[in-house]
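J.: Input: one structure, supplied below.
The values are calculated or read from the model by the stated rules, or taken from the named source; none is laboratory data. As the structure is a computational prediction, the values presented were derived from the model and not from experiment. Glycine also receives a Cβ, built like all others from the backbone with ideal geometry; neighbour counts cover every protein chain displayed.
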Amino acid sequence: MLPNKKQFISNVWSHYDENSRPMPWRNAGPGGVFDPYKILVSELMLQQTQVERVIPKFNEFIASFPSLTALAAAPLEDVLRLWSGLGYNRRAKYLHDIAKSLQYIDFPQTISELTMQKGIGHNTAAAVLVYSYNIPIPFVETNVRTALLYHFNDDESMVNEKQFLSLAEQVLDTHNPREWYWALMDYGSHMKKSGVKNLSRAKIHKKQSPFEGSLRQIRGRVLKELVGGSIDKNNLAKLINDPRLELVLADLNKEDLIEFQSQGLYKIAE
């Protein structure tokens, strides 16, 4: 039995009762059903991106692509255009590919099936299943790690993912895992905003590098320019005057985000 487990659970639920955060992907559809497609979109958008930035993008994305089939039928260029501003554009490519892979089959309901899709790891797969089907599966992310470290690991030691999953499993509400994780996410987010900074003790934690001047910034600029139409390399170099442009173009081409045409033009991949 974890020390102070009951108090921790009480703290999480009490905070949620008074401070639950409204989010569009937390709204059930007809008959109280949660659409796993919408949950998947939200989970990929939320990776390394704050809720406040995701909400308007999520609403716009779902309005344009309300289903897996709608997303699968859309050109990647349109998907990237709507994704612009969220960063980490390969997530949009993953989501587009997943939609094409799953559009004609029943949505997966197991970790093993979901993690077969590129871009979906254990924690993302578990989150999708918990929120879509209320299946009690432990998973962790930054807010969960913050809360668990603060309450159950006060000796300053490092904690690995296996230990986090064990802690998450021990406090999991198996009768109502969906709402428990909403509550736990909100509680961890509140702790972080209140000044709790303990994630450096999580072995998986990597401090995000500054965006300004980074390769991520150049990647975003290239895709933003190409969403407007094909451009040759010389004109791209005039628009983006950076010696790393060649490397970025090679990486984006390798990831199937852009294509190099015989006429010497770069374009968004089809």
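J.: Pick out the one residue from ARG178, ARG201, ARG216 that is of a type in the set (Lys, Arg) and modelled with pLDDT of 90 or more.
T.: ARG178
J.: Restricting to region 95-144, what's the tally of residues that are under 29 Å from LYS192 (Cβ atoms) and small (Gly, Ala, Ser)?
T.: 6
J.: Looking at this structure, is VAL159 of a type in the set (A, V, I, L, M, F, W, C) and modelled with pLDDT of 95 or more?
T.: no
J.: Which ones in region 47-73 are closer than 12 Å to ALA92 by Cα and either modelled with pLDDT under 95 or in a loop (DSSP other than H, G, I, E, B) (or both)?
T.: GLN47
J.: What pairs come up if the first residue lies in region 66-79 and is in the same structural domain as LYS100 (by TED's automatic domain parsing), the second is crowded, with 17+ Cβ neighbours inside 10 Å and aromatic (Phe, Trp, Tyr), and their beta carbons are under 7 Å apart, counting only those six or more places apart or on different chains?
T.: SER67/TYR37; LEU68/TYR37; LEU71/PHE65; ALA74/PHE65
J.: Taking region 12-37 only, how many residues are under 25 Å from TYR150 (Cα atoms) and in contact with a Gly (Cβ under 8 Å, 6 or more places away or on another chain)?
T.: So the count comes out to 0.
J.: Say whether the condition of being within 18 Å of the chain's Cα centre (by Cα), polar (S, T, N, Q) and assigned to a helix (DSSP H, G or I) is met by at least one residue in region 36-43.
T.: yes
J.: Among VAL41, VAL79, VAL33, VAL54, which is the only one that is surrounded by fewer than 19 Cβ atoms within 10 Å (Cβ to Cβ) and of a type outside the set (Phe, Trp, Tyr)?
T.: Exactly one of VAL41, VAL79, VAL33, VAL54 is surrounded by fewer than 19 Cβ atoms within 10 Å (Cβ to Cβ) and of a type outside the set (Phe, Trp, Tyr), namely VAL33.
J.: Tell me, which helices (runs of 4 or more DSSP H) wholly within region 86-149 include 3 or more residues that are in the same structural domain as GLN170 (by TED's automatic domain parsing) and within 13 Å of the chain's Cα centre (by Cα)?
T.: 90-102, 122-133
J.: Can you tell me which residues in region 1-25 are part of a helix (DSSP H, G or I) and in contact with a Lys or Arg (Cβ under 9 Å, 6 or more places away or on another chain)?
T.: PRO24, TRP25
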